[in-house]
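Contents: one structure, followed by commentary.
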Amino acid sequence: MSRITMMIDPGLPTALFADVIASHGEYVDLVKFGWGTALVTRDLDHKIAALREAGIGYYFGGTLFEWYVVQDRLGDYLDLVERTGATHIEVSNGTIPLDQEGKAGYVRRMSRYRPVLAEVGYKDAERSARLSPADWAGAIHEDLDAGAELVITETRESGRSGMARPDGHLRDDVLEAVLAHADTKRLLFEAPTKDLQVELIRALGPEVNLGNIAAADLVGVETLRRGVRGDTLLQMTLPRTVSLV
Amino acid sequence: MSRITMMIDPGLPTALFADVIASHGEYVDLVKFGWGTALVTRDLDHKIAALREAGIGYYFGGTLFEWYVVQDRLGDYLDLVERTGATHIEVSNGTIPLDQEGKAGYVRRMSRYRPVLAEVGYKDAERSARLSPADWAGAIHEDLDAGAELVITETRESGRSGMARPDGHLRDDVLEAVLAHADTKRLLFEAPTKDLQVELIRALGPEVNLGNIAAADLVGVETLRRGVRGDTLLQMTLPRTVSLV
Amino acid sequence: MSRITMMIDPGLPTALFADVIASHGEYVDLVKFGWGTALVTRDLDHKIAALREAGIGYYFGGTLFEWYVVQDRLGDYLDLVERTGATHIEVSNGTIPLDQEGKAGYVRRMSRYRPVLAEVGYKDAERSARLSPADWAGAIHEDLDAGAELVITETRESGRSGMARPDGHLRDDVLEAVLAHADTKRLLFEAPTKDLQVELIRALGPEVNLGNIAAADLVGVETLRRGVRGDTLLQMTLPRTVSLV
């Protein structure tokens with residue numbers, strides 16, 4: 001899979017959510033109901049109906065998975081997945097004390113139920129900073145081996161943790177190590193800020209899989225992919241560029 | 001009162017406002033029409049109707065009160081309150097040159113008309129920084145004595161003034177002094193940013209009263225209160241945590 | 001022309017766009033479909049219909065003009081303008097390698113088709129920083145001479161480039177030079193952040209033309225112009241201020 005755009009829903013009101021899908025659904029492949037928002041969303045059924053009609057996949061943020069795991073209630077989580085018809089399961093250890101090996105075990109188990117999106121990286125900036133480029137590459141390799149359909153590289157909603165530095169730019173060393181060990185088609189890069197979106201499209205091309213895209217940025221990301229925004233215009237049009245007056 | 005969530009309306013378009021209340025109204029106790037936005041809102045009546053139907057209180061930002069006061073038009077302000085059925089009156093001196101004693105006098109007078117929310121702190125960062133922890137505690141005490149139902153601690157929409165430092169984090173010394181002198185149930189903490197929401201919930205628990213919450217953050221704040229977001233997950237679930245695989 | 005407010009549409013969903021225009025259209029004079037968003041907006045016709053009904057002008061971001069120019073497809077651009085009934089044409093050189101003289105040539109040519117908004121300043125922060133105050137004043141003068149109805153001063157969507165410094169505040173030296181050489185009524189200042197809106201209204205008064213205003217900030221900007229927001233309250237009400245209790 002490539003050119004995937006995953007939108008995060010941080011708790012949009014229902015009519016606005018439907019408006020976003022009706023207006024820009026063609027630019028969305030997956031919707032993640034961010035962290036545990038699904039538990040406090042009154043009209044989750046309406047949102048799901050809009051996604052089904054548009055043929056868009058949907059799943060719950062990894063934090064919700066962790067919330068159930070840490071309480072030893074995995075069965076309840078699988079019931080929720082079943083009841084809502086979620087198309088994927090995200091498996092992560094961004095918050096709870098679960099090591100990489102333990103996470104890979106969950107990737108293996110959850111793959112029996114749904115295609116799994118496995119996340120690498122921690123929400124805590126310091127904990128993420130301690131992950132070396134080799135750690136990132138190793139964890140990605142392990143999660144794919146365990147059966148993950150896609151591996152997600154964490155950068156948080158702020159775009160300042162995980163694979164991003166505290167200044168909001170990509171950790172180039174990590175990116176390099178990751179690309180040396182994994183097929184980019186199997187990676188979904190969280191890119192909640194325009195800086196990260198631009199850097200990833202410049203580095204990996206318009207087909208790069210991007211995640212945690214806000215509803216308000218769907219059109220913006222699509223214009224970046226097509227080179228009709230300043231940041232990527234010259235890169236994309238260069239082959240077609242003519243001499244100027 | 002506790003676990004109050006006050007949403008600020010900075011001038012949402014009418015249908016979106018109704019959508020927010022219909023979708024997330026159960027997580028809102030009070031709506032503040034921010035500063036003087038009510039004066040330039042075409043369909044204020046529609047917004048008010050949505051709030052009444054949902055049983056949510058509403059009032060005008062303290063800046064509007066100050067705008068009338070500084071022009072010696074308090075009677076016009078009371079007419080507006082009467083005409084719109086505002087359920088509360090906010091009394092503040094965040095912008096105009098009105099001292100604490102003068103403000104407390106207005107708290108006393110306005111309490112005859114509506115329950116009063118009295119604000120402590122200034123919009124100007126430097127002016128706020130000059131308030132010592134003892135000044136904060138004293139002002140809160142005085143406003144409660146004058147009859148305020150709740151005292152609001154200012155942090156501005158940016159979350160970088162008042163009780164927040166320019167770096168966006170809480171002034172711990174002020175928080176400590178305030179808590180030593182007032183019942184947290186009588187305080188409403190302005191917390192427009194996720195950083196402040198997380199710090200206040202971690203420090204004072206999920207029942208803390210939070211204000212200046214954006215419509216887009218209502219669900220996020222509710223998940224923080226319930227511990228289904230990374231930032232508060234371990235704190236809230238710890239008692240229920242089991243050993244991990 | 002003065003007191004113009006230009007709203008930027010970065011790709012709002014269709015119903016929300018209509019809601020904004022219905023609710024706050026009276027505070028909008030011009031809508032810019034930002035950069036190349038028009039090319040990836042499914043329901044552009046619906047948006048245009050809402051603007052026509054409200055009597056609001058609309059045009060495409062300068063980046064779209066540049067995208068066509070750099071591909072030698074100016075005829076296609078004029079077809080788009082014709083087909084959509086855009087009321088203005090923005091001519092800019094913010095991204096492509098087109099010098100000021102070349103841009104002024106396009107201002108002249110495009111003026112045959114529509115009133116032209118000519119933009120001065122570059123999207124790249126370093127390239128913009130190299131423009132001296134005299135360069136800014138000269139470029140503005142040249143574009144007006146070439147027939148531009150209005151000259152737009154670039155600050156990007158982030159408010160941290162063009163006439164803004166990297167810290168988000170105005171370049172005072174540029175502002176001074178610009179004002180010495182041009183009638184403010186012929187200038188439209190991009191002011192996407194509250195800091196810039198406040199600084200421009202304080203410096204040039206409530207009638208200043210402001211651009212790149214987000215839909216979410218329309219009411220906020222109007223309250224700043226009228227002095228019913230903290231940042232401009234005392235300036236606007238001072239003549240009417242009475243002594244306080």
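The values are calculated or read from the model by the stated rules, or taken from the named source; none is laboratory data. Fair warning: this is a prediction, and the values are worked out from it, not measured in the lab. Reconstructed Cβ throughout: ideal geometry from the backbone, glycine too, with neighbour counts over all protein chains shown.
Of the residues B:T184, B:T193, only one is among the hydroxyl-bearing types (S, T, Y) and within 26 Å of B:G11 (Cβ to Cβ); which?
B:T193
Being more than 10 Å from chain B (Cβ to nearest Cβ) and among the polar types (S, T, N, Q) is the filter; apply it to the range A:1-37 and report the residue that is surrounded by the fewest Cβ atoms within 10 Å (Cβ to Cβ).
Here the residue is A:S2.
Given the conditions (1) of a type outside the set (D, E); (2) closer than 26 Å to C:L12 by Cβ; (3) out of contact with any strand residue (DSSP E or B) (no Cβ under 9 Å at 6 or more places or on another chain); (4) surrounded by fewer than 23 Cβ atoms within 10 Å (Cβ to Cβ), report the number of the one that C:G227 does not fulfil.
Every condition holds for C:G227 apart from (2).
Do we find that B:I89 is in contact (Cβ under 8 Å) with a residue 12 or more places away in the chain and either within 14 Å of chain C (Cβ to nearest Cβ) or touching a strand residue (DSSP E or B) at 6+ places or on another chain (Cβ under 6 Å) (or both) in this structure?
Here the answer is yes, as B:I89 does meet what is asked.
Would you mind telling me which numbered condition in (1) within 14 Å of chain C (Cβ to nearest Cβ); (2) within 17 Å of A:I4 (Cα to Cα); (3) out of contact with any Ser or Thr (no Cβ under 6 Å at 6 or more places or on another chain) A:T232 fails?
(2)
Go through (1) within 13 Å of the chain's Cα centre (by Cα); (2) on the phi > 0 side of the Ramachandran plot for C:D29 and report which single condition fails.
All conditions pass for C:D29, except number (2).
Taking the range B:207-228, which residues are outside any helix (DSSP H, G or I) and of a type outside the set (A, V, I, L, M, F, W, C)?
Matches in the range B:207-228: B:E207, B:N209, B:G211, B:N212, B:G227.
Residue-by-condition table, conditions (1) assigned to a helix (DSSP H, G or I); (2) under 15 Å from the mean Cα position of the chain (by Cα); (3) crowded, with 20+ Cβ neighbours inside 10 Å:
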| position | (1), (2), (3) |
| --- | --- |
| B:Y122 | no, yes, yes |
| B:G138 | yes, no, no |
| B:G159 | no, yes, yes |
| B:V174 | yes, no, yes |
| B:L196 | yes, yes, yes |
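Look at the range C:146-199 and say how many of its residues are within 25 Å of B:R156 (Cβ to Cβ) and in contact with a His (Cβ under 7 Å, 6 or more places away or on another chain).
2
Could you check how many residues of the range C:140-157 are touching a Pro at 6+ places or on another chain (Cβ under 7 Å), crowded, with 19+ Cβ neighbours inside 10 Å and among the charged types (D, E, K, R)?
Selection size over the range C:140-157: 1.
From the set of residues in the range A:1-48 that are touching a residue at least 60 places away in the same chain (Cβ under 8 Å) and touching a Pro at 6+ places or on another chain (Cβ under 8 Å), which is farthest from B:E222 (Cα to Cα)?
Per the criteria, the residue is A:R3.
Residues in the range A:212-221: is at least one more than 10 Å from every other protein chain (Cβ to nearest Cβ) and modelled with pLDDT of 95 or more?
Yes, because at least one residue in the range A:212-221 is more than 10 Å from every other protein chain (Cβ to nearest Cβ) and modelled with pLDDT of 95 or more.
If A:T237 satisfies all but one of (1) assigned to a helix (DSSP H, G or I); (2) within 30 Å of B:D217 (Cα to Cα), what's the number of the condition it fails?
Every condition holds for A:T237 apart from (2).
Select from the range C:124-136 the residues that are over 13 Å from A:G230 (Cβ atoms), part of a helix (DSSP H, G or I) and in contact with a Gly (Cβ under 8 Å, 6 or more places away or on another chain) and list them in ascending order.
C:W136, the sole residue that qualifies.
Looking at C:E66, is it within 13 Å of chain A (Cβ to nearest Cβ), under 17 Å from the mean Cα position of the chain (by Cα) and closer than 25 Å to A:L233 by Cα?
yes
How many residues are aliphatic (A, V, I, L, M) and closer than 14 Å to A:T95 by Cβ when one looks only at the range A:121-131?
1
Test of understanding: among C:L80, C:L51, C:L74, which residue is touching a residue at least 24 places away in the same chain (Cβ under 8 Å), in contact with a helix residue (DSSP H, G or I) (Cβ under 8 Å, 6 or more places away or on another chain) and within 14 Å of chain A (Cβ to nearest Cβ)?
C:L80
Residues in the range A:145-152: is at least one in a helix (DSSP H, G or I), more than 14 Å from every other protein chain (Cβ to nearest Cβ), under 30 Å from A:R112 (Cα atoms) and more than 15 Å from the chain's Cα centre (by Cα)?
Checking the range A:145-152: at least one residue is in a helix (DSSP H, G or I), more than 14 Å from every other protein chain (Cβ to nearest Cβ), under 30 Å from A:R112 (Cα atoms) and more than 15 Å from the chain's Cα centre (by Cα).
Please tell me if B:V40 is crowded, with 20+ Cβ neighbours inside 10 Å, farther than 23 Å from C:Y27 by Cβ and over 19 Å from the mean Cα position of the chain (by Cα).
No.
Go through the range C:163-172 and report how many residues are within 13 Å of C:E190 (Cα to Cα) and not in a loop (DSSP other than H, G, I, E, B).
Residues flagged as within 13 Å of C:E190 (Cα to Cα) and not in a loop (DSSP other than H, G, I, E, B) within the range C:163-172 amount to 2.
So which helices (runs of 4 or more DSSP H) stay within the range C:1-111 end to end and still have 2 or more residues that are at pLDDT below 95 and more than 24 Å from C:D135 (Cβ to Cβ)?
none
Restricting to the range B:177-236, count the residues that are touching a residue at least 40 places away in the same chain (Cβ under 8 Å) and of a type outside the set (A, V, I, L, M, F, W, C).
12
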